[in-house]
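Written out below as structure tokens is the structure these notes cover.
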Amino acid sequence: MLTKVYGSAVFGVEATTITVEVNIDKGIGYHLVGLPDNAIKESNYRIAAALQNNGYKIPGKKITINMAPADLRKEGSAYDLTLAIGILAASNQIKSESIEKYIIMGELSLDGSMQPIKGALPIAIKAREEGFKGFILPNDNAREAAIVDDLEVYGIDNIKEVIDFFDKDTPLEQTIIDTKKEFYKNLDFPEFDFSDVKGQESIKRCMEIAAAGGHNIILIGPPGAGKTMLAKRLPSILPPMTLHEALETTKIHSVVGKIKNMGLMNQRPFRSPHHTISDVALVGGGAYPQPGEISLSHNGVLFLDELPEFKRGVLEVMRQPLEDREVTISRARFTVTYPSSFMLVASMNPSPGGYFNDPDAPVTSSPAEMQRYLSKISGPLLDRIDIHIEVTPVPFEKLSEERKGESSVEIRKRVTAAREIQTQRFEEMENVHYNAQMNTKHIRKYCKMDDPSKELLKNAMERLNLSARAYDRILNNTLLHI
């Protein structure tokens with residue numbers, strides 16, 4: 001008997017429906033075709049144990065399973081439940097009348113319990129687009145899938161629940177989420193607050209300006225001056241995410257399995273990878289491409305602490321994503337694109353010893369050591385960082401003050417007001433919402449200079465040997481205050 005069951009594969013941040021055709025005929029054998037990877041090929045052992053431990057079995061006949069489209073590579077253990085239900089239906093152990101109305105995904109343990117899967121949100125979105133009635137998946141992923149309206153989502157803990165649902169019409173409990181309520185939950189409660197920062201008023205003002213325009217920044221100062229503390233608080237003054245941004249961000253984190261039982265992400269991500277990170281882990285890729293740290297920072301902040309300690313090759317691969325705000329990973333058979341629109345916040349010491357710009361500390365590094373240290377960061381990368389901020393140590397008098405600084409909530413109000421002005425300015429332009437997203441055409445239109453400003457910029461370019469990209473960045477920064 002031939003039975004069709006439906007699953008889904010995720011490529012990039014989009015899903016593709018997979019038709020699992022199970023045919024049982026005379027003979028003996030188990031044949032799985034359609035470009036499955038090793039995890040899928042091993043599924044028959046998990047399926048056999050799970051079915052046996054729940055009173056069912058794999059029939060001793062010739063089983064042929066095709067995963068269509070057959071020229072598309074399938075990976076992961078999330079097809080265990082799909083294959084198991086297909087085998088039961090094709091062998092007449094359960095009824096199959098309504099199976100084709102559902103997307104069924106889940107990894108099986110040997111006792112039949114369910115393990116979470118990756119990419120539940122993009123799968124749910126695709127299921128709704130293609131008119132499926134519902135989505136059956138592990139309970140740990142039910143909340144993220146239930147974000148999608150007009151799709152019945154059923155979270156399960158054991159394969160027996162699915163079997164009884166199809167064979168005995170035993171109802172499953174539907175997971176229902178109010179997406180708007182989920183989005184606004186804890187929206188205005190940042191984990192870190194700028195009121196904890198003592199002194200550093202001019203630096204906080206620079207960071208406010210950067211947040212208003214979405215500009216990349218680098219903090220340069222000696223150890224202990226507060227660079228990391230300031231960087232961690234930057235997301236707290238960024239404007240709240242829109243529902244569209246929240247869905248985009250949740251999709252990316254869903255693909256790598258970081259949304260376990262969370263539902264919709266409504267706080268801007270803050271990613272801070274260690275300086276030993278590889279270029280693939282930072283940008284994304286691998287044999288089966290996955291998003292890297294820069295995509296996980298989409299709509300949020302990527303913080304690179306001790307920038308010169310990162311391998312130069314790792315830093316150089318960031319140049320194209322910083323410019324295009326997306327990452328394209330190409331393989332022989334396919335190409336995937338991940339969004340990567342983020343604010344880069346970098347920090348570094350001014351010298352190998354760390355105290356070059358500290359007036360109270362002796363300079364311990366030679367000019368040659370300092371040159372070697374600074375040369376780890378290329379000019380083209382620095383061109384893509386709009387604002388360079390010098391951070392100096394906070395004096396004792398400021399540190400010992402009882403009075404708290406201005407809160408993130410108050411700063412965020414000004415940042416949000418500035419973003420609203422920019423949104424109105426660019427309302428007729430596609431994919432441009434704030435100053436940092438402007439291209440050369442927009443800069444020429446909105447960043448007009450008078451004659452004294454032109455002369456000042458000309459002198460700066462000649463003396464500092466600035467590039468054409470730096471010229472555009474400087475003009476872009478003329479709009480930082482609005």
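Take every Cα-Cα pair in the stretch 91-211 and report what % of them are more than 19 Å apart.
59 percent
Whole percent per 10 Å bin, from 0 to the bin with the longest distance: what is P(r) over all C-alpha pairs of the stretch 99-159?
That works out to 26, 55, 17, 1, in percent per bin.
So what's Rg/Rh here for the stretch 1-68, counting alpha carbon atoms and using the Kirkwood radius for Rh?
That ratio is 1.00, to two decimals.
May I ask for the percentage of alpha-carbon pairs in the chain that lie more than 41 Å from each other?
In whole percent, the long-distance tail amounts to 33.
Can you tell me the Rg and Dmax of the stretch 233-299, counting just the alpha carbons, in angstroms?
12.6, 38
Can you give the convex hull volume of the alpha carbon atoms of the stretch 178-244 per residue, in Å³?
Looking at the stretch 178-244, the number lands at 95 Å³ per residue.
What Kirkwood Rh does the stretch 144-263 have if only Cα atoms enter the pairwise 1/r average? Answer in Å.
Value: 18.2 Å, from the Cα pair sum.
When ligands, DNA and RNA are left out and all protein chains stay put, how many square angstrom of accessible area per residue does the chain have with a 1.4 Å probe?
I get 47 Å² per residue for the chain.
Please compute one quarter of the surface area of the Cα convex hull for the stretch 379-468 and express it in square nanometres.
Computed as one quarter of the Cα hull surface, the answer is 9.7 nm².
If you line up the Cα atoms of the stretch 312-447 on their principal axes, what length do they span on each, largest first, in Å?
Principal extents (largest minus smallest coordinate, Cα): 53, 45, 31 Å.
With just the Cα atoms of the stretch 1-139, tell me how far they stretch along each of the three principal axes, in Å, largest first.
40, 31, 30 Å, listed from the longest principal axis down.
Using every pair of alpha-carbon atoms in the stretch 197-283, split the distances into 10 Å bins beginning at 0 and state the percent of pairs per bin, rounded to integers.
Spelled out bin by bin, the stretch 197-283 gives 13, 37, 35, 15, 0 percent.
So what is the orientation-averaged projected area of the stretch 264-356, using the convex hull of its C-alpha atoms, in nm²?
7.1 nm²
In sequence order, what are the phi-derived ³J(HN,Hα) couplings for the stretch 117-133 according to the Karplus relation 6.51 cos²θ - 1.76 cosθ + 1.60 with θ = phi - 60°, rounded to whole Hz, with x for glycine and proline?
In residue order, the calculated couplings are 10, 9, x, 4, 5, x, 5, 5, 4, 5, 4, 5, 4, 8, x, 6, 6 Hz.
Carbon-plus-sulfur fraction of the accessible area of the stretch 239-324, 1.4 Å probe, in percent?
Ligands and nucleic acids excluded, carbon and sulfur give 52 percent.
Angle check, please: helix 408-425 long axis (alpha carbons) against the longest principal axis of the chain (alpha carbons), in degrees 0 to 90, nearest 10.
Helix 408-425 sits roughly 80 degrees off the main axis of the chain.
Peptides 340-352, 384-396, 8-20: what's the order by average Cβ count within 10 Å, highest mean first?
340-352, 8-20, 384-396
Among 230-237, 438-445, 295-302, 161-168, how do they line up by average Cβ neighbours within 10 Å per residue, starting with the highest?
Highest to lowest by the protection proxy: 295-302, 230-237, 161-168, 438-445.
Antiparallel as a % of all DSSP beta bridges within the chain, to the nearest 5?
50 percent
Please work out the C-alpha center-to-center distance from the stretch 126-193 to the stretch 318-339 and express it in whole Å.
So the two Cα centres are separated by 31 Å.
The values are calculated or read from the model by the stated rules, or taken from the named source; none is laboratory data. Just so we're clear, the structure is a prediction, and the values are computed from it rather than from any experiment. Neighbour counts are summed over all protein chains in view; Cβ atoms, including those assigned to glycine, are modelled from backbone coordinates with ideal geometry. Each accessible area value is taken on the protein alone, full model and side chains, heavy atoms only, with ligands, DNA and RNA left out. Shrake-Rupley method; radii C 1.70, N 1.55, O 1.52, S 1.80 Å.
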